[in-house]
Every structure is written in structure tokens, then in C-alpha cells.
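What follows is one structure encoded as C-alpha cells, with my remarks underneath.
The values are calculated or read from the model by the stated rules, or taken from the named source; none is laboratory data. It should be emphasised that the depicted structure is a prediction, and the values quoted were computed from it without experimental measurement. We place every Cβ from the backbone using ideal geometry, glycine too, and count neighbours over all the protein chains shown.
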Amino acid sequence: MDVALNPETGRLPVDVVQHIHRLLGGDAHVEDMVLQFIADKYAAPNLLYLPPHVASQIIKRPADFLRAAKQHCEPELPF
């Protein structure tokens, strides 16, 4: 899935963000890790501000993204 920023807002389209949220959704702890990871790695305050190429990769391989977020936030725990 190719993702492009909304030219009017400069953010990802809401439907893309909702799709990513469904793919990554989980408990509050997982959501906190995802938000911390994207803030640290991409300076994105939330999913709306992810770079389009990152959003595309999350949609293609959500488990890899979750693994990277977990390793970033809790490197001491095996995944």
C-alpha cells in the first residue's frame, strides 16, 4: 500500500492512521511503547505524523514494527 501525506494537512490520512492503529492495537502498554518509539525514532507525536514510507512498512509488516518498538522500549526483555 502506497501512502502519501494529505496535502491540506501535511499529515497521514485519517483512514490510513486508523488502519495502522487496528494493526498495532493492543493493550495500553503496547500503545505506549509504540508512541514512545515513534516519538524517539521519527519525532512524531502520534501516528498522524509518521513519514509515509514508515507507514507503508508498518502496514506491510506490523509484527516487525512492534518488535522494533518493544526492543527500543524494553531491550532487557526477550520478545
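Things worth noting here:
- Listed by position, the helices (runs of 4 or more DSSP H) contained in the range 9-79 that have at least 1 residues being surrounded by 14 or more Cβ atoms within 10 Å (Cβ to Cβ) and more than 12 Å from the chain's Cα centre (by Cα) are 62-73.
- Within the range 31-53, the set of residues being in contact with a helix residue (DSSP H, G or I) (Cβ under 7 Å, 6 or more places away or on another chain) and touching a residue at least 40 places away in the same chain (Cβ under 8 Å) comprises just one member, Met33.
- Members of the range 16-40 found to be among the acidic types (Asp, Glu) and modelled with pLDDT of 95 or more, listed by number: Asp40
- Of the listed requirements (1) closer than 18 Å to Asp64 by Cβ; (2) of a type outside the set (Phe, Trp, Tyr); (3) at pLDDT 95 or above, Ala43 misses just one: (1).
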